[in-house]
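For reference, the structure is listed below as structure tokens.
The values are calculated or read from the model by the stated rules, or taken from the named source; none is laboratory data. Keep in mind the model is a prediction, meaning the values are calculated, not measured. No Cβ is skipped: glycine too gets one built from the backbone with ideal geometry, and neighbour counts run over all protein chains shown.
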Amino acid sequence: MSQTVKFNSTTPAAPSGNTNVTWQTDGTNISGYLPSGVGASYMDILSQDKPTGTLACSQQGPVSVASGATQNLLSYSGSDGYVDSMLIAFDGAGTLNACTLEIYYDGEESPTVSVPLNEFFMANYEPQTVSSKYLIYGNLSGLASYYSKIPIPFTNSITIALVNTSGNSITLYSTVEYQTGVPNTWTNTRKLRVAWIDDQAGIAANSTVSLVNYSGGAGRLLGVWMLEDDYPGGVSPAGATLEGAITTTIDGGTPLVSSGTEDFFGLGFYGRPFYTNAPGGGAVDAPYFPFSAGGQENGLAFINEATPGLTTSLFRFFSLQRRLFTESLSITWNCGNTSRVSFTGTGTLWAAVWYYTED
């Protein structure tokens with residue numbers, strides 16, 4: 001049995017029973033549900049063939065943003081829609097990355113997303129170049145460029161702002177492209193959220209760190225990034241903290257446990273075989289920054305063995321591997337596993353988890 005569903009500006013009821021769904025569009029009014037039947041259609045904000053509305057653009061710069069000041073990159077109201085892309089570029093006079101990105105949905109007074117640029121764009125440390133499927137970051141001689149292709153849906157209105165927390169004035173350029181007139185009825189993906197950790201030091205061996213712990217209803221995991229630095233805490237032997245597992249628990253079910261930290265990201269042996277410009281994947285005397293054409297779902301954002309210890313930055317996105325939850329999402333990291341590799345010292349962690357929810 002199949003069922004035809006016509007969508008409009010209100011959230012439609014999910015089809016029930018063992019049915020397949022035939023999509024019927026009315027202009028740009030389209031959304032989707034995942035019913036219980038095998039082979040059901042599915043559409044959310046990450047879908048390649050999602051509808052478009054009216055394309056618009058908000059451009060800023062060059063504009064001087066004083067220390068402590070806030071500059072709106074986008075301020076729109078009037079209909080539902082979604083942000084397509086976001087470029088932020090600035091000269092921070094030696095204080096790059098010390099800014100906060102804020103996203104306000106539907107006129108809210110406090111932002112749902114308030115995250116340092118470092119964490120949102122996987123930008124520790126500088127200078128470096130990172131290019132993934134959704135985020136691109138580059139820094140050369142004090143000039144920083146950030147580009148996001150993460151779709152950001154909104155209902156009625158959205159404000160995206162940059163807060164200069166650097167201590168110095170910056171010269172800012174930005175371009176935000178967005179679609180209007182598209183109802184925010186996406187399955188599992190009506191609001192982008194970001195959980196993050198900034199410079200958490202002194203993490204003891206075998207201890208557990210929460211990367212995200214959400215229990216507010218349905219949603220979808222987009223990506224996970226983490227940077228672990230052995231050097232500040234004097235970890236020895238190098239890389240031993242990466243023996244710890246990353247554990248994902250969806251809706252309180254059976255935990256998914258990785259065979260090691262780097263293994264979760266699809267990069268075995270602490271990521272060493274994936275060095276760029278390091279012959280044979282051996283130890284290097286300078287940091288290296290793997291780069292791609294921007295289509296990578298997973299990879300290295302940073303790796304360095306120039307100082308005692310190992311600094312490793314890894315990312316993984318899930319647009320091809322759908323990770324849905326109906327009630328809750330939990331991801332944790334274990335700082336090493338001394339039953340496998342004993343070590344001294346403590347870990348230092350930066351991390352970000354991008355995920356969507358329905359509310």
Where S215 falls short, out of the listed (1) in contact with a strand residue (DSSP E or B) (Cβ under 6 Å, 6 or more places away or on another chain); (2) at pLDDT 95 or above: (1)
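Conditions tested, residue by residue: (1) under 24 Å from P62 (Cα atoms); (2) within 17 Å of the chain's Cα centre (by Cα); (3) not hydrophobic (A, V, I, L, M, F, W, C).
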position	(1), (2), (3)
M122	no, yes, no
Y134	no, yes, yes
Y137	yes, yes, yes
L140	yes, no, no
A144	yes, no, no
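Only one of T357, T344, T312, T338 is of a type in the set (V, I, T) and under 16 Å from the mean Cα position of the chain (by Cα). Can you tell me which?
T357
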Apart from one, (1) out of contact with any helix residue (DSSP H, G or I) (no Cβ under 9 Å at 6 or more places or on another chain); (2) closer than 17 Å to W333 by Cβ all hold for G181; the odd one out is (2)
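Return yes or no: is Y137 out of contact with any Ser or Thr (no Cβ under 8 Å at 6 or more places or on another chain), crowded, with 19+ Cβ neighbours inside 10 Å and in a strand (DSSP E or B)? Walk me through it before giving the result.
Details: out of contact with any Ser or Thr (no Cβ under 8 Å at 6 or more places or on another chain): no; crowded, with 19+ Cβ neighbours inside 10 Å: yes; in a strand (DSSP E or B): yes.
No; evaluated as a whole, the condition is false for this residue.
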I103 being under 17 Å from the mean Cα position of the chain (by Cα) and over 24 Å from N298 (Cβ atoms): yes
Tell me yes or no: at least one residue of the range 34-42 is at pLDDT below 95, in contact with a Ser or Thr (Cβ under 9 Å, 6 or more places away or on another chain) and part of a strand (DSSP E or B). no
Take G81 and tell me if it is of a type in the set (G, A, S) and either closer than 24 Å to G295 by Cβ or surrounded by fewer than 20 Cβ atoms within 10 Å (Cβ to Cβ) (or both). no
Given the condition more than 17 Å from G260 (Cβ to Cβ), hydroxyl-bearing (S, T, Y) and modelled with pLDDT of 95 or more, answer yes or no: does some residue in the range 303-326 qualify? yes
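Kindly indicate whether any position in the range 229-245 is within 23 Å of E327 (Cα to Cα) and assigned by TED's automatic domain parsing to the domain that holds D263.
The answer is no, given that none of the residues of the range 229-245 is within 23 Å of E327 (Cα to Cα) and assigned by TED's automatic domain parsing to the domain that holds D263.
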Could you say whether any residue in the range 178-186 is closer than 29 Å to L314 by Cβ and either at pLDDT below 95 or surrounded by 17 or more Cβ atoms within 10 Å (Cβ to Cβ) (or both)? yes
Could you tell me how many of the residues in the range 110-133 are assigned to a loop (DSSP other than H, G, I, E, B), more than 21 Å from D199 (Cβ to Cβ) and modelled with pLDDT under 95? 2
Of the listed residues (W354, W350), the one being assigned to a strand (DSSP E or B), aromatic (F, W, Y) and surrounded by fewer than 23 Cβ atoms within 10 Å (Cβ to Cβ) is W350
Please work out which residue is surrounded by the fewest Cβ atoms within 10 Å (Cβ to Cβ), limiting yourself to the range 113-133 and to residues that are out of contact with any Asp or Glu (no Cβ under 9 Å at 6 or more places or on another chain) and hydroxyl-bearing (S, T, Y). T129
One residue from G280, G252, G294, G271 being at pLDDT below 95, surrounded by fewer than 17 Cβ atoms within 10 Å (Cβ to Cβ) and within 23 Å of the chain's Cα centre (by Cα): G294
Given the condition at negative phi, among the small types (G, A, S) and at pLDDT below 95, answer yes or no: does some residue in the range 72-86 qualify? no
With respect to A144, is the statement that it is in a loop (DSSP other than H, G, I, E, B) and buried (at least 16 other Cβ atoms within 10 Å of the Cβ) true? no
Between residues in the range 117-129 that are under 14 Å from F315 (Cα atoms) and assigned by TED's automatic domain parsing to the domain that holds L101 and residues that are at pLDDT 75 or above and β-branched (V, I, T), which pairs lie under 6 Å by C-beta distance while being six or more apart or on different chains? M122/V130
Residues that are touching a Lys or Arg at 6+ places or on another chain (Cβ under 8 Å) and under 30 Å from L55 (Cα atoms): which strands (runs of 3 or more DSSP E) entirely in the range 163-268 hold 3 or more of them? 219-229
Matching residues, the range 52-70, being crowded, with 17+ Cβ neighbours inside 10 Å and either touching a helix residue (DSSP H, G or I) at 6+ places or on another chain (Cβ under 9 Å) or not small (G, A, S) (or both): Q60, V65
